Amino acid sequence: MSGAKDDVILRMKDLKINIRVDEGVLTVVRGVDLEIHKGETVGLVGESGCGKSLTSKAILGINDKKCRAEGQILFDAEGTGMTDLLSLKPRGREIRAIRGKQISMIFQEPMVAFSPMYTIGNQINEATLLHITKDKKKAKEISLDVMKKVGIANAEKRYDQYPHEFSGGMLQRALIAMALVCNPKLLIADEPTTALDVTIQAQILELMKTLQKDFGMSILFITHDLGIVARMCDTVAVMYLGRIVECASAVEIYGNPMHPYTRGLLGSVHKIGTKGQKRLFSIEGTVPLALNLPKGCGFYERCSKRIDGVCNVQDPQLTDLGDGHRVACFACAGCPGKEEPVHE
Amino acid sequence: MSKGDRILDVRNIHMRFESKGVCVRAVTDVSFPVLEGETIGIVGESGCGKTTLGRCIVRAYEPSEGSVMYTTADGETLDFLKIDRQTMKKYRKEIQMIFQDPYSSLDPRMTVLDIIKEPIRANYPKMPKQEIEKKVMDIAARVGLNTTYLKRYPHAFSGGQRQRIGIARALVLNPRVIVCDEAVSALDVSIQAQVINLLHDLQQEFGLTYLFISHDLSVVEYISDKVGVMYLGKMVEYAPTRTLFSHPMHPYTESLLSAVPVADPTVKIERIPLEGEIPNPANPPSGCFFHTRCRFCREKCKQETPEYIEMEKDHFVACHFARELDLRGFDYGEEPDEENKTGN
């Protein structure tokens, strides 16, 4: 997390994603700026519908056709240097050389991510054969090697089995093997352990940490579970209604949360060991629909610290409070709105 | 009957499912008492039988063996699993259930009003319309639903709102016991906090008794007075919440606790990884069911099934060596003040 410019491997600039629906245009992602450094784990946290999955899928260009992405996603691609992934054709040769090779992804539901018709080995091989070698024997060797690395016991036997013969945890390991087989620079993990039990989840998280060290890759970790973020991530970006509202190191976010949404989110999670001490904090209301959004801060309606005449008029921008802690809120100390309140 | 009296006594419940000559023992010999006004948490990984147990208790399944002694409001005790249809009809409304998935547990073709009305119609066919309407309105307002929207269909409501509908439906018959099967698992954290607070308030107001089934240990720790841990269909440990979380006596509980992600990056927990996966319940291991994954496993564990006994006051454990092992739980620090303990 040195912040040096040269080790940034991915930089999103003002990413916007629109979806055309019958009722109008849904702006689901409304200007996301995010940097991922080499070897770093960035957590993208938010509740369902905040646009975190769409943001991550936009990196690989695998969003639905109805989604239109604007802005820039710069990726430090091998050979070509900083490339804007959004300018590449979604089915073109360039993006396909990156997708699955330099950036790969693991999904939430391992049971859905695999095709039930092919053996696990066959499916892991697919990436190897496409990107590394044309030799099937060699591909098998590579696949078996990765399967062992992710802790699949009896890899030779498992190689020829079908997904239904795997348990959830094993299948998630296989999915990780498939993602890592080409030694990617960036791994996007979209809620990789949500469907798993806690003990299996702990196994998978440990595994991901170890593999990250071995492979030296960066991870973009998408989740709604604040406990997992605390365990896994160096940097945390909190997303609300298509915007990053706060971004800082994990220790900062948990120790010194600034944005009312982040505070609310942390307050609504019960920490074991504090039983009976306090009532859970709950953010009133629900996330508004991203259709025809009103002007101003997206959190205005639910915010306990809102300043009328400011928050519902202007849209707060992410502001650096020094030491890399960025927050988009007029009501936070150090932010523009707080110092010079706008009077009617 | 007053608060603190025994309302349910679950005794030696067995549930076996048989198909194609294979017998799966989903629940094996589970017993525990439930006191009025208490919340009992049941935790365990998927497939451990916690949902089956909940369904056996409300008699959605007919257990293969065992009894659920229910003490009625008049102080009469009867076996809920043996009573005939006529008596059942009288008492079934006193034990209700809230389901996990707020999307599939509501009929999409009924208005919310009808959904909440249905239990009254079924149980009190002669109740006049106005009275029903009033009852529904009262309960809907109490759980935080906007009563002007009750003529709408479930699809028009968000996940949190739907869960409130489910709660209203369970409450409308003034039950005494509610089985909450993963009642908040499908919700986002901020909404989860709202629903948990609501459940807590309703308990205070109506003196409800909850059986709270969940895989989320932080939620269970927050809401429960006592917690039972299940593994492979058996109750392996049962104790008051604080005791269980601070001084677990079963190795499985210890591992489970250590796997919980805590939302604080400065907390470093030494994890006790569980090797392997849950064995097949159709073919459970010999002796202690947990011996295949237990780090303290000895010869005795492979041969003899440990008895489920009261090791300390109110602390039930099924492990041969529970007294010898010194297991780690969460550090609670100092006792919280009495004032804060009651919450606000």
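The values are calculated or read from the model by the stated rules, or taken from the named source; none is laboratory data. Source: prediction; values computed, not measured. For neighbour counting, all protein chains shown are included, and Cβ atoms are generated from backbone atoms with ideal geometry for every residue, glycine included. Areas reflect the complete protein model, heavy atoms only, side chains present, ligands, DNA and RNA absent. Shrake-Rupley method; radii C 1.70, N 1.55, O 1.52, S 1.80 Å.
Ignoring ligands, DNA and RNA, what percent of the accessible area of chain B is carbon or sulfur (1.4 Å)?
Ligands and nucleic acids excluded, carbon and sulfur give 47 percent.
What residues qualify as long-range amide H neighbours of A:M82, i.e. H under 5 Å apart, gap of 5 or more or another chain, H built at 1.01 Å from N?
Under 5 Å from the amide H of A:M82: A:A77.
What whole-number value in Å² describes the accessible area per residue of chain A for a 1.4 Å probe?
Result: 45 Å² per residue.
Among A:M117, A:M105, A:M239, which one moves the most in a GNM of chain A with springs linking Cα atoms closer than 10 Å?
A:M117
Taking amide H atoms as placed 1.01 Å from N in the peptide plane, list the residues 5 or more away in sequence, or in a different chain, whose amide H sits under 5 Å from that of B:R6.
Result for B:R6 returns B:E36.
Which of the trypsin sites (Lys or Arg not before Pro) found in the stretch B:83-142 are loop residues per DSSP with 14 or fewer other Cβ atoms within 10 Å of their Cβ? Don't jump to the answer; show the numbers that get you there.
Numbers: sites: B:R85, B:K89, B:K90, B:R92, B:K93, B:R109, B:K117, B:R121, B:K126, B:K129, B:K134, B:K135, B:R142; in loops: B:K93, B:R109, B:K126.
Sites meeting the loop and neighbour criteria: B:R109, B:K126.
Out of A:G324, A:G31, A:G92, any idea which swings most in a Gaussian network model of chain A, alpha carbons joined below 10 Å?
Comparing A:G324, A:G31, A:G92 in the GNM, the peak value goes to A:G92.
Once you have a ≥ b ≥ c as the square roots of the Cα gyration tensor eigenvalues for the protein assembly as shown, tell me rounded if a/c is under 1.5, and otherwise prolate or oblate according to whether a/b is larger than b/c.
Oblate is the answer for the protein assembly as shown, as a/c is 1.5 or above yet b/c matches or exceeds a/b.
What aspartates and glutamates sit close enough to A:K13 to cross-link, taking a C-alpha to C-alpha distance under 17 Å and skipping anything fewer than 8 places away on the same chain?
A:K13 reaches A:D33, A:E35, A:E70, A:D76, A:D84, A:E246, A:D320.
In square angstrom and rounded to 100, what buried accessible area do you get between chains A and B, total over both, with the probe at 1.4 Å?
Numbers: alone 17500 and 17590 Å², together 31260 Å².
Counting both chains, the buried surface is close to 3800 Å².
Calculate the spin-label point distance for A:V21 paired with A:K65, positioning each point 7 Å from the Cα along the beta-carbon direction, and give it in nanometres.
Taking the two extended label points, one gets 2.0 nm.
Filter the trypsin sites (Lys or Arg not before Pro) in the stretch A:34-123 down to the DSSP loop ones having no more than 12 other Cβ atoms within 10 Å, then list what survives.
A:K65, A:K66, A:R91
Keeping all protein chains in the complex and leaving out DNA, RNA and ligands, what accessible area do you get for B:H14 with a 1.4 Å probe, in Å² to the nearest 10?
Counting only protein heavy atoms, the figure is 30 Å².
Can you give the calculated 222 nm mean residue ellipticity of the protein assembly as shown, where each DSSP H run of n ≥ 4 adds -39,500 (n - 2.57) and the sum is split over every residue, rounded to the nearest 500 deg cm²/dmol?
Numbers: 23 runs with 209 residues, N = 688.
Mean residue ellipticity, 222 nm, calculated: -8500 deg cm²/dmol.
Would you please name the GluC sites (Glu not before Pro) within the stretch A:1-65 that are DSSP coil residues with at most 15 other C-beta atoms within 10 Å of their C-beta?
Values: sites: A:E23, A:E35, A:E40, A:E47; in loops: A:E23, A:E40, A:E47.
Qualifying residues, ordered by number: A:E23.
From the Cα gyration tensor of the stretch A:154-309, with a ≥ b ≥ c the square roots of its eigenvalues, which class applies: rounded if a/c is under 1.5, or else prolate if a/b is larger than b/c, or else oblate?
prolate
Springs between alpha-carbon pairs under 10 angstrom, Gaussian network model over chain A: which of A:D197, A:D33, A:D76 fluctuates most?
Taking springs between Cα atoms under 10 Å, the residue moving most is A:D197.
So for chain B, averaging the separation of alpha carbon pairs under 8 Å that are six or more residues apart and normalising by length, what relative contact order in percent results?
19 percent
So, taking all protein chains as they sit and a 1.4 Å probe, how much accessible area belongs to B:V236, in Å² rounded to tens?
For B:V236, the solvent-accessible surface is approximately 10 Å².
Between their Cα atoms, which of B:K82/B:K117; A:K148/A:K209; A:K134/A:K185; A:K138/A:K213 are more than 20 Å away from each other?
Check vs 20 Å cut-off fails for B:K82/B:K117; A:K134/A:K185; A:K138/A:K213.
Over the whole of B:271-282, what's the average partner chain Cβ count within 10 Å per residue? Rounded to a whole number, please.
The mean count of partner-chain Cβ atoms within 10 Å per residue comes to 3.
Counting only the heavy atoms of the protein chains, how much of B:E62 is accessible to a 1.4 Å probe, in Å² to the nearest 10?
Counting only protein heavy atoms, the figure is 110 Å².
Note down the relative contact order for the stretch B:1-152 as a percent, whole number, built from C-alpha pairs under 8 angstrom at least six residues apart. Before the final figure, lay out each step's value.
Numbers: 179 pairs, mean separation 28.6, N = 152.
Reported relative contact order: 19 percent.
Please average, across the residues of A:61-74, the number of beta carbons from any other chain that are within 10 Å of each residue's own beta carbon, and give a whole number.
Mean inter-chain Cβ contacts per residue within 10 Å come to 0.
Using a 1.4 Å probe and counting only protein heavy atoms, arrange B:D29, A:D308, B:D79 so the residue with the most accessible area comes first.
Reading off the accessible areas and sorting them downward yields A:D308, B:D29, B:D79.
Considering the Cα trace of chain A, what is its radius of gyration and what is Dmax, both in angstroms?
Every Cα atom of chain A included, Rg and Dmax give 21.2, 74 Å.
Quick check: from the Cα gyration tensor, does the stretch B:259-320 come out rounded (a/c under 1.5), prolate or oblate?
Since a/c reaches 1.5 but b/c is at least a/b, the shape of the stretch B:259-320 is classed as oblate.
Say each of A:Q317 and A:D84 gets a label point 7 Å from the Cα, pointing the same way as Cα to Cβ; how far apart are those two points in nm?
2.0 nm
B:Q96: net charge of surrounding residues, Cβ under 10 Å, Lys/Arg +1, Asp/Glu -1, itself excluded? Can you show the working numbers first?
Numbers: positive: B:R92, B:K93, B:R169, B:R176; negative: B:E94.
Residues near B:Q96 contribute +3 overall.
Could you work out how far apart the two model spin labels at B:N123 and A:T194 are, taking each label as a point 7 Å from the Cα in the direction of the beta carbon, and quote it in nm?
That separation, rounded to one decimal, is 3.5 nm.
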